[in-house]
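Quick notes on the structure that follows.
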Amino acid sequence: MKEKIPETIIEIRDLKNKLGDQWVHSGINLDIHRKEIIAVVGGSGSGKTTLLRNILALLKPTEGSIKIFGIDLLKANTRELASIRNRWGVLFQKSALFSSMTVLDNVLFPLREFTRLPEKFLQEIGLLKIGLVGLPLSSSYKYPSELSGGMQKRAAAARAIALDPELLFLDEPTSGLDPASARELDRLILDLRNSLGLTVILITHDPESLFGITDKVAFLGEGKLLAFSPIKELVKNPHPQIQKYFEGRI
Amino acid sequence: MTDLSANIEINTDKDLVILKGSWDLHGISTLAAKYLNISWPTHRTLTLDGTQITKMDSAGAWLLHQCKNILTQHENTIKTYDFRDVHKEMIALVEQEAASHPPEKPPAQPAFDPLYQLGKGTVKRIKEGYNFLSLTGELTLYILKAFKQLRLFQFPNTCNAIYHCGYRALPILALLSFLIGVVLAYQMGLQLETYGANIFIVYLSGMAVLREFGPLLTAIIVAGRTSSSFTAEIGTMKVNEEIDALLTMGISPTQRLVLPKTVGLIIVFPLLIFWADAFGLFGSMVMSKWMLGINYPDFFARMKSDVGVSHYYIGLSKAPFFAAIIALVGCYQGFTVSLSADSVGFQTTKSVVQAIFLIIIADAIFSVLFSWAGL
């Protein structure tokens with residue numbers, strides 16, 4: 001018996017957000033399909049993070065609907081929400097590793113919570129994930145504060161993919177990384193998409209990531225989705241905000 | 001419905017190993033627990049058939065990799081594999097990863113050696129004492145400097161400390177002092193009543209409250225409220241690298257953070273003691289009237305003639321020391337926070353315990369000193 005997964009993984013309709021007395025979003029529609037790598041871009045304060053927090057069910061939108069795996073987030077009960085949360089992984093901008101645990105324990109944390117595998121096997125899986133993101137295995141037993149910023153990011157990525165999620169959210173994955181590591185991380189995202197069949201949503205300002213790995217780019221501005229197209233078309237979009245954003249980068 | 005969990009069927013007649021079920025995190029839990037104990041074939045040329053696998057994730061691929069290792073260890077040759085294309089990619093990814101890293105052993109924990117632990121603990125405490133002393137010294141220098149340049153007292157921050165550590169503590173301090181006064185008068189009253197020495201309750205409770213209970217109770221409450229908040233505040237700043245930011249701007253955290261807190265607390269502490277004294281005495285006064293029938297005017301008259309003002313001054317003289325202990329311990333523990341969330345909690349606990357410990361030690365020292373001085 002195979003679970004049927006709808007092709008549209010995320011469906012956002014007429015999403016509106018009011019933070020304080022300011023409308024951050026005034027009607028966003030967005031469909032994200034399976035195995036796509038989507039980047040969300042936009043200037044500062046265009047509501048990228050707010051949108052991400054909406055999708056992650058951390059912040060309730062003022063109006064509109066968000067469906068993930070065909071389940072409406074705003075109407076979902078606790079069980080449905082929990083099942084969705086098991087199927088996605090999130091890499092936060094500031095890594096958000098648990099500072100009181102070693103890297104390996106961080107990666108094993110969701111595995112220990114949600115699976116019933118023998119400890120030895122779990123450790124092997126944990127080390128596998130740590131190796132997959134390109135961390136030296138010797139850092140597995142270190143604490144996050146003993147790692148450099150880039151290594152913390154990788155450790156956080158290892159934790160995000162611990163449960164083999166179907167959907168991966170990455171908030172500025174390459175910021176703070178050296179160019180070589182950033183490209184390695186890009187390659188990792190591509191690899192994961194190809195081999196694990198992941199759908200990836202990333203917030204990024206890194207032009208190389210945008211041009212290198214994304215299938216489509218969603219451009220937020222003026223509280224709306226100004227454009228949603230492959231990057232090559234997006235840079236030709238005449239909208240002044242988009243032109244300003246890419247100024248000097250093409 | 002077929003069985004969803006991962007399974008291995010070994011057909012020794014046909015040299016066939018058939019893999020079935022869903023090889024994902026949830027499906028492999030039984031197999032992962034027992035795969036080492038399966039009776040694996042030896043010395044054969046095998047065909048691995050994975051076409052009946054319904055689902056595979058990286059954990060499943062890793063299990064498969066481990067099974068293959070065991071097969072090879074049993075000196076089998078694996079002739080052919082049969083897997084679906086989607087699963088092949090996953091297996092390739094995992095095997096490539098497994099090949100590029102040799103297995104890593106966790107670092108060995110040093111064996112427990114009591115002598116080593118004793119030495120380590122001693123050195124750690126000596127260092128702590130040294131650092132605490134350095135902080136005290138540095139603060140003293142900054143306070144002396146601030147007398148020359150009054151701006152360095154940072155009046156807004158000092159007032160803030162006075163407001164939060166002093167003013168906001170008034171209600172709780174009043175209530176607890178009152179209750180202590182009541183309890184004290186009640187317990188002593190029981191004894192005095194049997195001797196008919198009711199009136200001595202004024203001297204006893206007056207002296208106890210003014211000399212010991214007022215200052216000590218104030219110190220303990222302020223230590224619980226304020227020392228913990230100083231530690232948490234400075235500790236969180238340290239985790240956020242705000243302390244480093246101050247240092248790089250050439251601003252001393254001691255001067256910027258510790259000085260106003262300490263000075264504010266030293267200013268407000270005698271006032272808090274006065275407040276606690278007043279409510280403590282009020283409590284014993286109420287209890288004396290209710291239990292022993294001593295009227296309020298008599299109580300006041302006796303206070304004046306028997307207790308006098310000297311006990312009040314003795315109690316008050318401890319104030320700056322207690323205040324400095326609380327502020328310094330709180331700030332010092334804040335600076336020792338390391339970059340993790342549980343360290344903030346740990347140091348906060350430590351700061352309250354240490355502050356109260358030091359206060360009681362200091363109080364004992366004061367008692368000895370005052371008795372030498374004949375006060």
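Numerical summary
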item: Contact order normalised by residue count of the range B:8-50, Cα under 8 Å, 6+ apart, percent; result: 50 percent
item: For the range A:54-140, Kirkwood radius (reciprocal of mean inverse C-alpha pair distance, Å); result: 15.2 Å
item: Gyration tensor (alpha-carbon) shape descriptor, the range B:7-100, a/c threshold 1.5; result: rounded
item: Sequence-separation-based contact order of the range A:47-193, relative, with Cα cut under 8 Å and 6+ spacing, percent; result: 29 percent
item: Residue-averaged beta-carbon neighbours from other chains (10 angstrom radius) around B:55-61; result: 6
item: Selected from B:GLN255, B:LEU369, B:PHE346, residue furthest toward positive end of dipole (chain B; charges at beta carbon); result: B:LEU369
item: Partner chain coverage, peptide B:105-115 - average Cβ within 10 angstrom; result: 1
item: The range A:185-234 shape via C-alpha gyration tensor axes, a/c threshold 1.5; result: prolate
item: Helical segments meeting 30 Å axial Cα length and Kyte-Doolittle 1.0 threshold in chain B (DSSP H); result: B:170-195, B:259-287, B:341-372
item: Net charge dipole size for chain A [Lys, Arg +1 and Asp, Glu -1 on Cβ; Debye, nearest 20]; result: 320 debye
item: The protein assembly as shown - convex hull of the alpha-carbon atoms, volume per residue in Å³; result: 264 Å³
item: Leading residue at positive end of dipole, the range B:3-113 (Cβ point charges), from B:HIS65, B:ASN76, B:LEU36; result: B:ASN76
item: Shielding by other protein chains, B:19-31, mean Cβ within 10 Å; result: 3
item: More than 30 angstrom apart: percent of Cα pairs within chain A; result: 28 percent
item: Cα centroid of the range B:208-246 to Cα centroid of the range B:66-126, whole Å; result: 46 Å
item: Whole-Å distance, taken between Cα centres, linking the range B:283-318 and the range B:170-195; result: 12 Å
item: For the range A:80-122 and the range A:134-148, distance of Cα centres in Å; result: 16 Å
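Values in this text are rule-based calculations from the coordinates and carry no lab data. This is a predicted model, so every value here is computed, not measured. Methodologically, a virtual Cβ is constructed for each residue, glycine included, from the backbone with ideal geometry; neighbour enumeration extends over all protein chains shown.
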